[in-house]
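Laboratory data are not the source of any read-out in this text; all were calculated from the coordinates shown. Being a predicted model, the structure only gives us computed values, none of them experimental. Using ideal geometry, Cβ is built from the backbone for each residue, glycine included, and neighbour counts are taken over all protein chains shown.
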Amino acid sequence: MTASSQLRVSMRRSIALLFALLSASPAAWACSCPADTEFLWNKAHHVALVRIDTVHVERELVMSRKLCAASETTCTIKQVARYTPVEFFKGNRLSAPTLATGYGGGDCGLPMIAGTYYLVFVSDTSGEIGLCNASGPYRGGGSRNGPEQPRVLKPLLEALRKRSREPTTKLPPRPPSSLPW
C-alpha cells in the first residue's frame, strides 16, 4: 500500500470516527449522572415532593446567568416554575422561590408542566433542577384523604419517609415519568 493510499484510509477512519461522535446524542454527553436514589439522597441537603403551580420562560446570558433580552445572541432559555411543597423527606424547606430547568437534550432539563409533581434532591440555593437531581413529571393520584400524590411514586415515597426515621432503609430507584411522551 502506498503512502497516499494509507493517508486516505487514515483520513476516512478519522472522518468516520468524527461522524460517529457528532451523531451521538448531546443528552448522553451532558447528562451522565448517577441515577441511584441512594447517591442523590446522600448528596442532597433537601429532598422534597413538589407540585408545579405555574411555568414561564426566562432568557439568561450563558456566562453570567443574568437575565437578557431576546435580541442578545448569547442568551439561553430555561423553564422557571413556581411550586408548592407537598412533603419534605430531608430538610424542612427549599430555599429557592422557583425551580428552573432547561429544555432537555444537552442541558439535562426536565419538561415542566403545571399541575404535575416532581421529586427534587437539592443541595444549593439556585433552584436549578434536571435529570441529575430531580425526577418527574408525575401525575397526581387523586387521593381524597390528603394531598394528591403520584401513584407511580408510592413505593419510593414510602421508602423516603421511612429513611427519614431509619437511616439504614434502602431506597428504590426513581421511576420514570408517569406521562406518555
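Just check the range 32-165 against the gyration tensor rule for me: Cα atoms, a ≥ b ≥ c as the square roots of the eigenvalues, rounded for a/c under 1.5, and otherwise prolate or oblate depending on whether a/b exceeds b/c. In terms of gyration-tensor shape, prolate.
For GLU128, the residues whose amide H sits under 5 Å from its own are ALA100, ignoring neighbours fewer than 5 places away on the same chain, with H placed 1.01 Å from N. Other residues within the sphere of radius under 11 Å centred on the Cβ of VAL47, judged by their own Cβ, net out at +3 (K and R +1, D and E -1).
Does the range 86-136 classify as rounded, prolate or oblate by the C-alpha gyration tensor (a ≥ b ≥ c root eigenvalues; a/c under 1.5 gives rounded; else a/b over b/c gives prolate, otherwise oblate)? It is prolate, given that a/c is not under 1.5 and a/b is the larger ratio.
What the phi angles of the range 48-53 give under the Karplus curve with 6.51, -1.76 and 1.60, with θ = phi - 60°, is a coupling list of 8, 9, 10, 10, 7, 8 Hz, glycine and proline written as x.
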